[in-house]
1. Would you point out the residue of the stretch 64-106, among those that are within 19 Å of LEU119 (Cα to Cα) and polar (S, T, N, Q), that is farthest from the chain's Cα centre (by Cα)?
2. Tell me whether the stretch 22-38 contains one or more residues that are of a type in the set (A, V, I, L, M), within 22 Å of HIS139 (Cβ to Cβ), under 17 Å from the mean Cα position of the chain (by Cα) and at pLDDT 85 or above.
3. For residues in the stretch 57-104 being touching an Asp or Glu at 6+ places or on another chain (Cβ under 9 Å) and of a type in the set (Val, Ile, Thr), which is farthest from LEU41 (Cα to Cα)?
4. Please find, among SER109, SER130, the residue that is over 16 Å from VAL40 (Cα atoms), part of a helix (DSSP H, G or I) and either among the polar types (S, T, N, Q) or out of contact with any helix residue (DSSP H, G or I) (no Cβ under 6 Å at 6 or more places or on another chain) (or both).
5. Among the listed residues VAL114, VAL100, VAL159, VAL81, which satisfies the condition of being outside any helix (DSSP H, G or I), modelled with pLDDT of 85 or more and of a type in the set (Val, Ile, Thr)?
Amino acid sequence: MRQTAFSFFGDTKRKFGGELLVGKRKSARPLSTKEPIELVLKSIGNNVFSPGDRRIENLFRKQASKYKIKLYRVSLVWNHVHLLIKISDRDDYKAFVRTVTAELVRLVSKIRKVDLTGLFTLRPFTKIISWGREFRNMHEYHDLNEMEAFGLARRKEKVKKKSKQRKRS
């Protein structure tokens, strides 16, 4: 008989939040103080965050320094924000996310002159990123996202496996 897992490694879950939580029970968010984290805040609207908006980027930088969070990257896309961060403490992460989301609602409501209470319907998505190749790939992903937001690039459409299989038959 073959061993399929090592129980002494514990839970190797590295992604949490967003649409992964729909219909699921509450559980602890996996976070790491030693590895970088991708944080995605997705809004309900399509044209909420203007790419390159310095006011929003400065908000993230100010709050990150306040809560001792290393901010590697901020990418504003029209309906979501990508952050690449490294946290020093779980409590600082919680306070950072709570403050940033509240300040984002206030700032974007002021910019758009519309009440945006309830801007975020899903909980923040986080993914623990390993150093090295995965970290570099995440920077390239941020570059691609920013280029798409500015209309400088288009992502190739993914071909669905089912349609390929039907063509072969």
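1. Per the criteria, the residue is THR99.
2. Yes: the stretch 22-38 contains one or more residues that are of a type in the set (A, V, I, L, M), within 22 Å of HIS139 (Cβ to Cβ), under 17 Å from the mean Cα position of the chain (by Cα) and at pLDDT 85 or above.
3. So, considering only residues that are touching an Asp or Glu at 6+ places or on another chain (Cβ under 9 Å) and of a type in the set (Val, Ile, Thr), the one farthest from LEU41 (Cα to Cα) is ILE69.
4. SER109
5. VAL81
The values are calculated or read from the model by the stated rules, or taken from the named source; none is laboratory data. Predicted, not measured: the structure shown is a model, and the values here were computed from it. No Cβ is skipped: glycine too gets one built from the backbone with ideal geometry, and neighbour counts run over all protein chains shown.
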